[in-house]
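Structure first, commentary second.
Every number in this text was worked out from the coordinates using simple rules, so none of it is lab data. As the structure is a prediction and not an experimental result, all values here were calculated from the model. Glycine gets a Cβ as well: all are built from the backbone with ideal geometry, and neighbour counts include every protein chain shown.
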Amino acid sequence: MKASLWEGDDGSNSDTTNHNSDERLSDAGCEFIDPLLLTPEAAAEMLAISQATLWRLVDRDRIRFVEFTAAGFRRPVRRFQLGELQRFVEESTK
């Protein structure tokens with residue numbers, strides 16, 4: 001069975017394996033600065049879905065987001081936690 005992006009080579013969820021989580025995500029084509037908070041674009045890309053589908057999942061309370069006010073933005077900024085995306089994938093595959 002192929003390991004997920006978040007599992008080590010031995011199937012564990014440890015970052016102490018040969019590849020850390022940033023390298024695994026980069027290998028999957030996901031490029032971002034902070035692996036803890038993802039833009040909607042990066043989150044949708046990571047899940048291999050459109051942004052419209054991502055927002056539909058948010059509207060249906062399937063995926064939660066973090067909302068905060070950032071300097072230079074008029075509206076609150078919405079970001080997705082990596083752990084939340086992991087939870088969604090794990091629950092969707094059961």
Legend entry - Local electrostatic count at W55 - Lys and Arg +1, Asp and Glu -1, tallied over other residues with Cβ under 15 Å: +1
Inset, instruction - Excluding F73 itself, calculate the net charge of residues whose Cβ lies under 15 Å from the Cβ of F73, where each Lys or Arg counts +1 and each Asp or Glu counts -1. - result: +3
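What does the net charge come to around A44 if you take all other residues with beta carbon closer than 13 Å to its beta carbon, with K and R at +1 and D and E at -1?
Net of charged neighbours comes to +1.
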Inset, instruction - Please give, to one decimal in nm, the separation of the simple spin-label points placed at Q86 and A48, each 7 Å out from Cα toward the Cβ. - result: 2.0 nm
